[in-house]
Amino acid sequence: MISLWILLGLGLTDLAAFALCAVLPLAHIHGLYFGVPVPEEARREPDVLAVRRRYLLQAALVAGAGVAAGLGLGAATGWAAEAIVLPPIVLHSVGILLAIAAAHRAALRLQAKRGWTLPDSAKRVANLRFRQKQRMIGIGWYGIHLAVIALGVLAAIAGWDRIPDLIATHYGINGEPDHYSAKTIGSVFQLNLIQLGMLAVFLIVHGTMRQAGARLDPQHPESSMQQEIRQRRVMSIFIYGLSLLTIAFMGYIQVSLLFGWSMNLLLIGSVLLPLALIGATAGLALYLIRRGLYRNAVPQMQEERHWKGGGFFYYNPDDPALLVPKRYGIGMTFNFARPLSWVILAAVVLLPIAVIVAAEMAYRP
Amino acid sequence: MWVELDLQSDVPIYEQLAGQLMEGMASGRLQPGDALPSVRSLASDLGINLHTVNKAYQALRQEGFLQIHRKQGVVVQTQGMPGVTDSFVAKLRRQLRAVAAEAAVRGMDERRFAEECREVFRAVRGSERSGMEE
């Protein structure tokens, strides 16, 4: 029953993430259509709509192929959970990228045929007081995260005698504990170390965002600055909430494991949490689009050559900014010409993977 | 205060930047002791090379208009601005000479030339109350 619930949760998470990735390129953000400038009045023309239709068809095929592969491999392996879950995740993430890339190429061909261009202005503006005007959430609020972590540590110390000699330290995909560890300082407090590592990553993200380049619209400097300030505030609060939720959830995992609390709530939580995160991301995107807070950076012809891979990747060695507003979608993206970008990206992506791999290695039966 | 650059202009970018900061000081929008953004954050906001911003700051610092501290960062000179030195007068004359020559060739008389100079000077001093106020 529990493992069915987990399978369902993983499947829904995969589909929700897929849907979010599939829908965002359709949002015409920054006046771009699959990363290509398409004028407002051309959006309803048949050849433009055809690109969209073919993309939606491909996305639907990818979605179906992923589910079919999961079910097929699941049936072939006697319904092994990994065989059901992994193929859709891989197929969906690779497939949607290929579909977006194909739509981007089709849009580029249209652009070449019809001669659409971006505004060509070499103007740049900056406000000398932008950093003082920024209203991102204060770094002090992250003290609450530290307090949550400390609470878990104190609970473990205070209840040391009640912690059983064997602690379940690893759960299989079916929701059953498949490895136990002896009660040591390492096994009791390991989750606190992971929490601290995650807190460090969130703080780095916060700091990097504060330093990100504000690319304001030379045509409307004042209003685009107000938008940038509000967008940064909303995003800093979002990341704050996300990090607090994640770290508090890990604290709950810790005390549940140590004191043998019911695992049901935890399992439900571990299924709902990723869904909630995807839902929150979609909500944030919708909020920013509705408020018009995404359109502060107007793409310019001058910038075009710095955006590689269909507008996905920014690579400009002359630009000292680590983060710049995304060309494609909402939020910010790295300047990959700066080595520190790779380091931070590696920290954000690799830390959770390293934790999982380390856990797998350490507790291999 | 805003700075606006034109990357396609014939005037080098660092000169545009230094010139606008100088105008800010002339008009009073930048007061002694006002902090300027760090080289990195201004370059990030403008999407231009660090060295370009650094060159503008260093040029103004060498002339004595800015102070660059390790802790407070870049600050508008608080110890009094460099006065009207002989070398500045020499530079001013050198730069005016070319402009005056063209004005003379084009047939502008002395009074008109002086009037134009006065207006530019007043505009620079007076933009405190108009235009690019933040």
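The values are calculated or read from the model by the stated rules, or taken from the named source; none is laboratory data. Small disclaimer: the values here were computed from a predicted structure and weren't measured. Because the Cβ atoms are built from the backbone with ideal geometry, glycine has one as well, and the counts that use them run over all protein chains shown.
Below is a table of values for the structure above.
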quantity	calculated
Filtered residue count, the stretch B:63-80, keeping only those that are more than 11 Å from every other protein chain (Cβ to nearest Cβ) and under 21 Å from B:S27 (Cα atoms)	10
Flag if A:G152 is in a helix (DSSP H, G or I), at pLDDT 90 or above and surrounded by 12 or more Cβ atoms within 10 Å (Cβ to Cβ)	yes
Residue match in the stretch B:81-101 (condition: within 12 Å of chain A (Cβ to nearest Cβ), part of a loop (DSSP other than H, G, I, E, B) and either modelled with pLDDT of 90 or more or over 25 Å from B:L5 (Cα atoms) (or both))	no
Subset of the stretch B:45-100 [under 17 Å from B:I13 (Cβ atoms) and in contact with a Phe, Trp or Tyr (Cβ under 8 Å, 6 or more places away or on another chain)]	B:D45, B:T52, B:V53, B:K55, B:A56, B:A59
First in the stretch B:18-29 and without any contact (Cβ under 8 Å) to a residue 12 or more places away in the chain, second anywhere and part of a helix (DSSP H, G or I), Cβ under 9 Å, 6 or more apart	B:G19/B:A56
Residue in the stretch A:170-178 that is crowded, with 17+ Cβ neighbours inside 10 Å and either within 14 Å of chain B (Cβ to nearest Cβ) or aliphatic (A, V, I, L, M) (or both) present	no
Some residue of the stretch A:99-120 being in contact (Cβ under 8 Å) with a residue 60 or more places away in the chain, crowded, with 16+ Cβ neighbours inside 10 Å, within 14 Å of chain B (Cβ to nearest Cβ) and among the charged types (D, E, K, R)	no
Unmet requirement for A:R131, which otherwise passes all of (1) of a type in the set (K, R); (2) more than 14 Å from chain B (Cβ to nearest Cβ); (3) surrounded by 15 or more Cβ atoms within 10 Å (Cβ to Cβ)	(2)
Criterion (in the same structural domain as A:V349 (by TED's automatic domain parsing) and either within 30 Å of A:L340 (Cβ to Cβ) or modelled with pLDDT under 85 (or both)) met by exactly one of A:F202, A:F189	A:F202
Yes/no for B:R40 being within 12 Å of another protein chain (Cβ to nearest Cβ), basic (K, R) and in contact (Cβ under 8 Å) with a residue 40 or more places away in the chain	no
Residue in the stretch A:229-238 that is over 17 Å from the mean Cα position of the chain (by Cα), surrounded by fewer than 17 Cβ atoms within 10 Å (Cβ to Cβ) and free of Cβ contacts under 8 Å to residues at least 24 places away in the same chain present	no
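Table: residues versus (1) more than 23 Å from A:F312 (Cα to Cα); (2) of a type in the set (G, A, S); (3) not assigned by TED's automatic domain parsing to the domain that holds A:E41.
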residue: A:G95; (1), (2), (3): no, yes, no
residue: A:A99; (1), (2), (3): no, yes, no
residue: A:A103; (1), (2), (3): no, yes, no
residue: A:A107; (1), (2), (3): no, yes, no
residue: A:K133; (1), (2), (3): yes, no, yes
residue: A:A147; (1), (2), (3): yes, yes, yes
residue: A:V153; (1), (2), (3): yes, no, yes
residue: A:A158; (1), (2), (3): yes, yes, yes
residue: A:I167; (1), (2), (3): yes, no, yes
